[in-house]
Amino acid sequence: MRLGAETTRSLRAAEDARSFAILDQTLLPWRVVWLRIETKEAAAHAIRAMQVRGAPLIGAVGAYGLALALREDASDAALDAAHAMLAATRPTAINLRWALDRVRDAVLNQPHAARAALAWQVAGAICDDDVATCTAIGRHGLKLLEEIAARKPAGEPVNVLTHCNAGWLATVDWGTATAPIYLAHDTGIAVHVWVDETRPRNQGAALTAFELGSHGVAHTVVSDNAGGHLMQRGRVDIVIVGTDRVTRTGDVANKIGTYLKALAAHDNGVPFWVALPHSTIDWSLRDGIAEIPIEERGAEEVTEVTGLGLDGVVTRVRVASPGSPAGNPAFDVTPARLVTGLITERGRCAASETGLLGLYPEKV
Ligand code: MRU
């Protein structure tokens with residue numbers, strides 16, 4: 001990923017295996033601050049407070065958090081307690097539990113003295129896997145953008161609409177939904193991104209726009225309610241979003257508002273694609289609406305917004321009428337029937353059990 005003049009991952013592990021650093025996403029895009037994490041408690045806080053966010057990245061942070069926990073106490077009881085504490089930080093993205101399970105399974109039958117170092121290695125492997133996975137998603141998604149570009153008059157950009165932030169800030173590098181976009185841009189395809197602001201926390205306006213700007217990709221931030229109108233006017237060629245959990249039948253949980261974009265895309269014949277790594281598939285679930293837990297976050301995220309004041313100071317202001325209660329479901333579920341297809345590291349498939357099992361036959 002490009003961050004000013006440097007190329008970096010969104011998570012940096014220290015060579016002494018005693019800490020790792022994350023970009024504090026609550027301060028972006030106004031301030032670029034690397035935050036050092038040295039304890040499991042700090043890792044849990046970073047996930048809960050959304051200093052890190054995005055399904056694959058919280059998995060990676062959870063894995064390193066568990067490795068730090070094992071440095072303090074490598075007993076089975078401590079392992080279970082730290083696993084449970086980190087898993088409880090955010091409920092919807094399955095990648096967190098997947099990563100924690102992967103670390104726990106790797107160390108469980110090992111001597112206590114070897115556990116912390118092994119867990120650290122596994123966390124590193126999870127990060128490397130995420131980078132390779134997102135790179136492959138980029139290659140498979142690029143074909144879609146190439147096909148659209150080939151049908152458009154010369155010089156006209158491919159218009160992609162995306163929701164929330166499924167970019168390098170949400171992963172270890174490249175992103176899921178953004179990987180094909182960055183690759184298209186880098187290979188010379190003209191691409192323009194409609195960036196949903198993504199209330200209540202504005203991950204689109206603050207984070208996706210920051211990323212695309214850093215990479216030099218043309219983009220326009222739009223209010224969350226603009227997507228349907230843009231689709232009616234033929235100004236969106238394709239929707240690509242990320243996801244926090246996909247059932248084995250292809251239902252997709254993602255940031256609140258994704259479902260409405262899928263409905264609008266369906267009504268307007270706009271292809272609606274979902275980009276995901278293998279770690280986002282919950283093979284144990286069949287019915288996303290009934291079974292995927294939806295995180296309910298604090299009302300203040302709806303009643304207040306944070307931004308840069310005209311005086312240059314980051315400020316929090318209230319936007320809702322004083323005293324009015326607010327509800328804040330953080331995710332919704334888009335049923336598989338509204339999803340044109342899934343882009344994974346193994347290729348593209350229909351959002352269905354047959355489609356997914358075609359790519360992951362070992363899960364039959
Ligand atoms: O609540 P967030 O910001 O963690 O939600 C993240 C999203 O919805 C992302 O789009 C999703 O995790 C995919 S990340 C590649």
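Only a single item in (1) surrounded by 15 or more Cβ atoms within 10 Å (Cβ to Cβ); (2) of a type outside the set (D, E, K, R); (3) farther than 16 Å from Val122 by Cα is not met by Trp34, and it is number (1). Could we say that Gly257 is surrounded by fewer than 24 Cβ atoms within 10 Å (Cβ to Cβ) and within 12 Å of the ligand (Cβ to nearest atom) here? Judged against the criteria, Gly257 is a match. For region 49-70, the criterion of being in a strand (DSSP E or B) and either over 25 Å from Glu295 (Cα atoms) or acidic (Asp, Glu) (or both) is met by none of the residues. Any residue that is under 23 Å from the mean Cα position of the chain (by Cα), crowded, with 21+ Cβ neighbours inside 10 Å and away from the ligand (no atom under 14 Å from the Cβ) - is there at least one of those in region 84-94? Yes, some residue in region 84-94 is under 23 Å from the mean Cα position of the chain (by Cα), crowded, with 21+ Cβ neighbours inside 10 Å and away from the ligand (no atom under 14 Å from the Cβ). The criterion of being more than 20 Å from the chain's Cα centre (by Cα) and within 29 Å of Gly307 (Cβ to Cβ) does not hold for Gly213.
Being modelled with pLDDT under 95 and either over 13 Å from Ala170 (Cα atoms) or of a type in the set (Lys, Arg) (or both): is that true of Thr7 here? Taking the combined requirement at face value, the residue satisfies it. Against the definition (assigned to a helix (DSSP H, G or I), touching a Gly at 6+ places or on another chain (Cβ under 7 Å), buried (at least 23 other Cβ atoms within 10 Å of the Cβ) and not assigned by TED's automatic domain parsing to the domain that holds Phe210), how does Ala43 come out, yes or no? It is true that Ala43 is assigned to a helix (DSSP H, G or I), touching a Gly at 6+ places or on another chain (Cβ under 7 Å), buried (at least 23 other Cβ atoms within 10 Å of the Cβ) and not assigned by TED's automatic domain parsing to the domain that holds Phe210.
One residue is enough: does region 94-114 have a residue meeting the conditions free of Cβ contacts under 8 Å to residues at least 12 places away in the same chain and hydrophobic (A, V, I, L, M, F, W, C)? Taking every residue of region 94-114 in turn, at least one turns out to be free of Cβ contacts under 8 Å to residues at least 12 places away in the same chain and hydrophobic (A, V, I, L, M, F, W, C). For region 242-254, which positions are part of a strand (DSSP E or B) and within 6 Å of the ligand (Cβ to nearest atom)? Result: Asn254, single match.
Of everything in region 271-285 that's away from the ligand (no atom under 16 Å from the Cβ) and touching a residue at least 60 places away in the same chain (Cβ under 8 Å), which residue is nearest to Gly138 (Cα to Cα)?
Restricting attention to region 271-285, the residues satisfying the condition of being away from the ligand (no atom under 16 Å from the Cβ) are 271, 283-285.
This time we only want the ones that are touching a residue at least 60 places away in the same chain (Cβ under 8 Å), so: 271, 283.
Values: Pro271: 17, Trp283: 23 Å.
Filtering region 271-285 for residues that are away from the ligand (no atom under 16 Å from the Cβ) and touching a residue at least 60 places away in the same chain (Cβ under 8 Å), the one nearest to Gly138 (Cα to Cα) comes out as Pro271.
Do we have Ala125 as aliphatic (A, V, I, L, M), more than 13 Å from the ligand (Cβ to nearest atom) and free of Cβ contacts under 8 Å to residues at least 24 places away in the same chain here? Considered against the rule, which asks whether it is aliphatic (A, V, I, L, M), more than 13 Å from the ligand (Cβ to nearest atom) and free of Cβ contacts under 8 Å to residues at least 24 places away in the same chain, Ala125 comes out as yes.
Could you say whether any residue in region 10-19 is outside any helix (DSSP H, G or I), crowded, with 20+ Cβ neighbours inside 10 Å and not assigned by TED's automatic domain parsing to the domain that holds Ala206? So far as region 10-19 goes, yes, one or more of its residues are outside any helix (DSSP H, G or I), crowded, with 20+ Cβ neighbours inside 10 Å and not assigned by TED's automatic domain parsing to the domain that holds Ala206.
Within region 307-328, how many residues turn out to be under 24 Å from Arg48 (Cβ atoms) and either touching a residue at least 24 places away in the same chain (Cβ under 8 Å) or in contact with a His (Cβ under 8 Å, 6 or more places away or on another chain) (or both)? Going through region 307-328 one residue at a time, the tally reaches 5.
The values are calculated or read from the model by the stated rules, or taken from the named source; none is laboratory data. Here the structure is a predicted model, which is why all the values come from computation and not from measurement. No Cβ is skipped: glycine too gets one built from the backbone with ideal geometry, and neighbour counts run over all protein chains shown.
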